[in-house]
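*Asks:* Attaching a single structure in structure tokens format; questions to follow.
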Amino acid sequence: MDKSIYKVNKINDTTFQIDECGRDYCYLLLGKEKALLIDCSIGSGDIKGVVKDLTDLPITVAVTHAHGDHSGAGYQFGEIWVHESECNKLFRAINIQHWRKKLISNHMRKAGVTQKDIKGRIYDCKWLPFSDGKVFELGGRTVTAHHTPGHSPGSVVFTDETQKLMFTGDNTCPFLLMKVMCATTLEKWLVGAEKTLELSKEYEPWCAHGENAKQTPQQIERTINYVREIIEKHGHKNEKESKKAFYPEKSFDDCVVYDTKKIV
Ligand SMILES: [Zn+2]
Ligand SMILES: [Zn+2]
């Protein structure tokens, strides 16, 4: 297992961003007694080794949602915390099927990782359920989970009360993917996104994909406005047919990808 596919970016002395081939970003938060890894990547390399090089503290893993690019490396840690609405056999089975097909991006191919390297291990760990408001005490550092369904039913935002940082996963990324298995309607997404926007005025937001994954309240607000415009454009109702649509236009850094049958 190779550690070198991961790149570590230091946010501050006790907070690190771990970059898996530019494809997804995880965050390691160090307290005085424990470390919290928020999302653990696909696990195509030795991310546990990377974390161990950064800290000797006991590691807890919690995911912003259970998609394979966030929970795949669970097998290296043995157990991960997942929001209760995704912590079930059905979601797990659907998810495995989905992610086995989609796991390998161009970035990972460049890193020499194949389906075979990952297959069979991706979900081989224990999932521990948590609910809205769950608090992770790290010793002098407190992290709280806020349930914000949308991109997936159990998407959460983690706020770091101590350092005023927040970690939003995929739910408000500048490239917002809502045409994905088990996503909510756009209308339901708005509720959590508005909560996230409010939080982002107090906490510095970081997401899981995109150019260095640094967010701003302005970007979150712009994405919310796109979704409002889509709902307006469709006259507050769904199309009869399910189609993949892009708004305002297809772009990998500023766009909403949605299902025309899942507007409201
Ligand atoms: Zn996702
Ligand atoms: Zn993702």
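*Asks:* Select from region 1-56 those trypsin sites (Lys or Arg not before Pro) which occupy a DSSP coil region and have at most 13 other Cβ atoms within 10 Å, ordered by residue number.
*Replies:* Qualifying residues, ordered by number: 32.
*Asks:* To the nearest 10 Å², what's residue 160's accessible area with a 1.4 Å probe?
*Replies:* Its heavy atoms expose roughly 0 Å² to the probe.
*Asks:* Quick one: grab Rg to one decimal and Dmax as a whole number for the chain, Cα atoms only, in Å.
*Replies:* Using the Cα atoms of the chain, the pair Rg, Dmax is 17.5, 55 Å.
*Asks:* Short version: ³J(HN,Hα) in whole Hz for each residue of region 131-145, in order, from phi by Karplus 6.51 cos²θ - 1.76 cosθ + 1.60 (θ = phi - 60°), x for Gly and Pro, what are they?
*Replies:* Working through the residues one at a time gives 10, 3, x, 4, 10, 10, 8, 9, x, x, 8, 10, 10, 10, 9 Hz.
*Asks:* Another question, if that's okay. Let me check against my output: what whole-number percent is the relative contact order of the chain, with C-alpha pairs under 8 Å and at least 6 apart?
*Replies:* 14
*Asks:* Still on this structure: If 189, 81 are ordered by their accessible area, calculated over protein heavy atoms with a 1.4 Å probe, which sequence runs from highest to lowest?
*Replies:* From most accessible down to least: 81, 189.
*Asks:* Next question, about the same structure. Tell me the per residue accessible area of region 1-101 using a 1.4 Å probe; a whole number in Å² is fine.
*Replies:* 38
*Asks:* Let me ask you something else. Kindly flag which residue pairs out of 3/34; 32/134; 48/110; 52/201; 52/250 have an alpha-carbon separation exceeding 31 Å in this structure.
*Replies:* Over 31 Å Cα-Cα: 52/201; 52/250.
*Asks:* Calculate the dipole size of the chain relative to its Cα centre from +1 charges on Lys and Arg beta carbons and -1 charges on Asp and Glu beta carbons; express the result in debye to the nearest 20.
*Replies:* 960
*Asks:* Using alpha-carbon positions, what is the distance between the centroids of region 172-229 and region 1-72, in Å?
*Replies:* One Cα centre to the other: 22 Å.
*Asks:* Out of the total accessible area of the chain (probe 1.4 Å, heavy atoms of protein only), what percent is carbon and sulfur?
*Replies:* Carbon with sulfur: 50 percent of the solvent-accessible area.
*Asks:* With every protein chain kept in the model, how would you rank 75, 203 by accessible area, 1.4 Å probe, largest at the top?
*Replies:* 75, 203
*Asks:* Something else now. Nearest 500 deg cm²/dmol is fine: what mean residue ellipticity at 222 nm does the chain get from its DSSP H runs of n ≥ 4 alone, each adding -39,500 (n - 2.57), divided by its residue count?
*Replies:* -7500 deg cm²/dmol
*Asks:* Hey, another quick one. In the chain, with Lys and Arg counted as +1 and Asp and Glu as -1 at Cβ, which of these residues, 42, 12, 193, has the Cα nearest the positive end of the dipole, that is, farthest along it?
*Replies:* After comparing all options, I get 42.
*Asks:* Related question: Got a sec? What order do 228, 109 fall in by accessible area at 1.4 Å, biggest, i.e. largest, first?
*Replies:* 109, 228
The values are calculated or read from the model by the stated rules, or taken from the named source; none is laboratory data. Everything quoted here is computed from the prediction, not taken from an experiment. Every residue, glycine as well, gets a Cβ built from its backbone with ideal geometry; the counts of neighbours run over all protein chains shown. Just the protein is used for accessible areas: all its heavy atoms, side chains included, with ligands, DNA and RNA removed. Shrake-Rupley method; radii C 1.70, N 1.55, O 1.52, S 1.80 Å.
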